[in-house]
Amino acid sequence: MLVLVINSGSSSLKYQVRDVEAGSVLTEGLIEEIGMGNGGEGDGEIIGPRDHAAALELVDAAIHRELGDLTLAAVGHRVVHGGERFSEPVLIDNEVTRAIERLNPLAPLHNPANVLGIRAISRKWPDMPQVAVFDTAFHRTLPEHAWRYAVPDDLYTNHGIRRYGFHGTSHEYVTHRAASVLGLPLEEFDGVIAHLGNGASVTAIQGGRSVDTSMGFTPLEGLVMGTRSGDLDPSILVFLGRAGWSMEDIDSLLNRQSGLRALAGNNDMRSVVEAAESRDARAAMALAVTSYRLAKYIGAYHVAVGGAQAVVFTAGIGENSHQFRELVAERLGALGVELDAGLNSQRSREPRVISSAASAIPVLVVPTDEERAIAEATAAVVTAASIAPPT
Ligand code: ADP
């Protein structure tokens with residue numbers, strides 16, 4: 001089954017064509033600057049298409065140029081916010097699209113862009129089955145004590161203010177693979193998953209389900225990230241507001257000017273690690289703050305899951321930076337965690353154990369693949385829908 005996976009942003013559209021059974025990527029690409037160019041070709045290069053529909057034409061042309069004639073069975077969309085309603089991938093119809101739109105206030109940058117992608121496909125291929133795979137869905141199993149903020153009820157009931165959590169597709173995929181590396185049935189797997197990319201979050205897994213996660217109402221809470229601050233005292237916002245900062249200024253400060261960028265002057269972990277190795281004191285401090293924050297969360301989630309059977313690293317930093325993994329593991333000595341230096345520094349694309357035989361808790365590296373997970377979920381939903389009795 002061939003599935004087109006779409007990750008539609010406000011000015012970009014990332015796509016992959018996947019063969020689900022083979023688990024392979026047939027072609028992939030990225031259209032950028034949507035709505036910013038003049039929608040044509042100039043000097044032999046494609047300038048930002050006018051809108052998402054025009055971007056989709058470019059995708060369609062690129063797919064046919066690369067792969068010739070082919071029949072797509074379905075389109076799977078990464079949708080950022082599924083609110084409290086969506087706990088699993090769903091077949092998209094008008095009502096689902098409107099429900100995603102109603103969640104716009106909770107994800108003002110992302111959900112409207114996701115809907116643009118969905119509508120562009122509906123217009124171009126009206127009969128194409130489309131499936132929405134939500135970044136929040138895996139965290140619908142959080143118990144109330146983990147998702148509640150200690151604020152008046154009205155904020156939750158009238159404004160939906162609670163912890164939702166994100167990166168769910170990745171956390172779920174990695175949870176399944178980690179359980180299988182350990183030879184455990186999913187329902188018996190308790191662990192801590194650290195997804196460390198440009199955005200970063202850590203999830204507590206009990207019985208194969210998410211029971212706590214570091215991102216909250218938005219993807220700002222929790223770990224120190226490339227350009228996001230993660231946790232801080234909310235009174236800092238009040239303080240800045242009283243000092244005359246606008247909401248836009250504060251938003252930009254915390255989402256775009258903070259994290260590694262603020263601490264080390266660079267938001268790219270590879271550069272920060274290299275700088276620290278050349279004795280750059282700011283870079284070393286940035287790594288200390290970032291690894292300490294993650295280690296604190298791992299300690300907390302070890303408690304949350306009643307004793308983790310594994311600590312799992314994934315995404316760009318988690319999969320590739322043996323230096324960063326080492327810094328985190330050094331802080332986990334109290335849990336009896338011990339890495340095997342040789343295993344930790346080996347490069348591989350396979351899921352693997354990197355702790356020593358003596359480690360009280362195994363430490364794993366498990367590469368994530370969100371597009372693969374979206375393609376598989378899409379195929380499963382479409383297959384189930386086509387064999388379901390007509391209603
Ligand atoms: P995104 O969240 O955008 O999908 P990725 O999962 O690709 O991001 O992760 C990007 C991060 O991974 C960047 O900070 C990058 O520096 C880091 N990274 C990638 N390779 C390495 C490496 N070899 N060493 C350290 N960091 C790395």
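Structure notes:
- Screening residue 255 against (1) within 26 Å of residue 368 (Cα to Cα); (2) part of a loop (DSSP other than H, G, I, E, B) leaves a single unmet condition, (2).
- Filter result for the condition that a residue is over 12 Å from residue 224 (Cα atoms), part of a helix (DSSP H, G or I), at pLDDT 95 or above and not hydroxyl-bearing (Ser, Thr, Tyr), over 293, 282: 282
- Residue list for segment 306-322, filter: more than 15 Å from residue 352 (Cα to Cα) and either surrounded by 20 or more Cβ atoms within 10 Å (Cβ to Cβ) or in contact with a Lys or Arg (Cβ under 9 Å, 6 or more places away or on another chain) (or both): 308, 316, 317
- Test: residue in segment 236-246 that is aliphatic (A, V, I, L, M), farther than 17 Å from residue 313 by Cβ and within 16 Å of the ligand (Cβ to nearest atom): no
- When each of 181, 192 is tested for being touching a Leu at 6+ places or on another chain (Cβ under 8 Å) and of a type in the set (A, V, I, L, M), the lone residue that passes is 181.
- Residue match in segment 255-271 (condition: buried (at least 20 other Cβ atoms within 10 Å of the Cβ), under 16 Å from residue 362 (Cα atoms) and either of a type in the set (Val, Ile, Thr) or within 12 Å of the ligand (Cβ to nearest atom) (or both)): no
- Taken across segment 342-352, residues that are in contact with a Leu (Cβ under 9 Å, 6 or more places away or on another chain), in contact (Cβ under 8 Å) with a residue 12 or more places away in the chain and buried (at least 20 other Cβ atoms within 10 Å of the Cβ) do not occur at all.
- Check on residue 276, modelled with pLDDT of 95 or more, assigned by TED's automatic domain parsing to the domain that holds residue 222, within 16 Å of the ligand (Cβ to nearest atom) and more than 30 Å from residue 142 (Cβ to Cβ): yes
- Boolean, residue 136 is touching a Gly at 6+ places or on another chain (Cβ under 6 Å), modelled with pLDDT of 95 or more and hydroxyl-bearing (Ser, Thr, Tyr): yes
- Listed by first and then second residue, the pairs linking a residue in segment 120-147 that is within 18 Å of residue 215 (Cα to Cα) and assigned by TED's automatic domain parsing to the domain that holds residue 82 to a residue that is among the aromatic types (Phe, Trp, Tyr) and assigned to a strand (DSSP E or B), with Cβ atoms under 7 Å apart and 6 or more places separating them unless they lie on different chains, form an empty list.
- Among the residues of segment 83-102, those identified as under 23 Å from residue 156 (Cβ atoms), among the hydrophobic types (A, V, I, L, M, F, W, C) and under 20 Å from the mean Cα position of the chain (by Cα) are 86, 100.
A quick yes/no check of all residues on (1) assigned by TED's automatic domain parsing to the domain that holds residue 215; (2) charged (D, E, K, R); (3) within 19 Å of residue 212 (Cα to Cα):
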{"residue": "295", "(1), (2), (3)": "yes, no, yes"}
{"residue": "298", "(1), (2), (3)": "yes, no, yes"}
{"residue": "305", "(1), (2), (3)": "yes, no, yes"}
{"residue": "314", "(1), (2), (3)": "yes, no, yes"}
{"residue": "320", "(1), (2), (3)": "yes, no, no"}
{"residue": "326", "(1), (2), (3)": "yes, yes, no"}
{"residue": "331", "(1), (2), (3)": "yes, yes, no"}
{"residue": "334", "(1), (2), (3)": "yes, no, no"}
{"residue": "339", "(1), (2), (3)": "yes, no, no"}
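- Against the conditions (1) in contact (Cβ under 8 Å) with a residue 24 or more places away in the chain; (2) surrounded by 17 or more Cβ atoms within 10 Å (Cβ to Cβ); (3) outside any loop (DSSP other than H, G, I, E, B); (4) not hydroxyl-bearing (Ser, Thr, Tyr), residue 299 satisfies every one except (2).
The values are calculated or read from the model by the stated rules, or taken from the named source; none is laboratory data. Everything numeric in this text was worked out from a predicted model, so none of it was measured. When we count neighbours, we look across all protein chains shown, and the Cβ atoms used for this are built from the backbone with ideal geometry, even at glycine.
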